[in-house]
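The values are calculated or read from the model by the stated rules, or taken from the named source; none is laboratory data. Because the structure is predicted, anything quoted here is derived from the model rather than measured. Here the Cβ positions follow ideal geometry from the backbone for every residue, glycine too, while neighbour counts run over all protein chains shown.
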Amino acid sequence: MNKPRIIYYEKLIIAGASGNGNDTSAVWATFEQQSHAVPLQRKCSEDGYEIRLSNGVSRVHVGCAVENTQSQEPYVLFELPASHYAVFDIQVAKGYDSENAAIEAWLQSNKEGCQERLLPDSSHYCVEHYDERFCGNEPGSIVEIWIPVQQHCQLYHNHPFTKHGTCPCRIEEHVLAETMQIWNETKEAKPFVAELERRRIKGKKIWYDETQNTIFIIKVFACDSGGGCPENDTLIGRACHCPHYNHSKDFYPKHYCQCSAEYYRPMFEPIFGAGIELYPFKTVLSGDDECVIAVRIGRVEPDDA
């Protein structure tokens, strides 16, 4: 079994049906009947979720993720608190419990870095996530098993950005000056970003998505600019610029790289204002194949229609 991905959710609200953990198929049947009779509103996606809980008694809650806790009859709401999850891909054809021993072995071997997270009532729980890769019992069908974990990661807590809220790295003054010059010449987001790309002011590639009102920047790999961690022969070691993280061979959630996004604030805030939102869209530290920073420069207005 491959090493799990580590993801992070602020919270997860599942609207659906609850019941005995030993009769999961009946609970799913109830949810499906409800869905046909009264279509669920405010769904985050079409993905299915099955939360399995145990605290002396086996319970299960199934359904879909929704945007908020507003009541929707006849559905039952179940809210999971913010957590990191270790995500394991399970081949359905081998059985849903085919990797249980391997998952337990991973938890044991990584217990110094993270441990299983329990609910406030001390219940153990896990989440089965059914996305587009799940196709029943067909060959190649995949279901994700999410194990809630609490990371003992001093890397994150000791990072200067976590402690002080600012990026210790500074963007070059000539880049800031040239960026402002380009803005004064263009005055609109689309031609502005196109000219940044033409001149290769910063990053491997930069583009503007009008539908999201967001600028995206693909970062240059550290090894291509004289940086990285030569002792760490992984993509993280080659691509990551941050000496605090680039020695790691483990994956961590995207928000660990918020510092990398804030690095670009002096480049765009003087132009678009303090209300811009910068965040890591893709990171090699979380298992992606490249690092992409997103800069949302304003609200997306709905169509007049």
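Laid out as a table, the results:
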item: Any hit, region 289-302, residues being under 25 Å from residue 82 (Cβ atoms), at pLDDT 90 or above, in contact with a Cys (Cβ under 8 Å, 6 or more places away or on another chain) and not in a loop (DSSP other than H, G, I, E, B); result: no
item: All strands (runs of 3 or more DSSP E) inside region 5-69 with 1 or more residues being in contact with a His (Cβ under 9 Å, 6 or more places away or on another chain) and either at pLDDT 95 or above or among the β-branched types (Val, Ile, Thr) (or both); result: 5-9, 12-20, 48-54
item: Residue satisfying condition, being closer than 26 Å to residue 137 by Cα and either among the hydroxyl-bearing types (Ser, Thr, Tyr) or surrounded by 12 or more Cβ atoms within 10 Å (Cβ to Cβ) (or both), within set 31, 78; result: 31
item: Region 89-105 residues that are part of a strand (DSSP E or B), paired with ones that are at pLDDT 85 or above (beta carbon under 7 Å, 6 or more apart); result: 89/142; 89/144; 90/142; 90/143; 90/145; 91/142
item: Lone qualifier among 262, 290 - being buried (at least 17 other Cβ atoms within 10 Å of the Cβ) and within 24 Å of the chain's Cα centre (by Cα); result: 262
item: Test: residue in region 120-133 that is exposed (fewer than 12 other Cβ atoms within 10 Å of the Cβ), under 30 Å from residue 81 (Cα atoms), of a type in the set (Asp, Glu) and at pLDDT 90 or above; result: yes
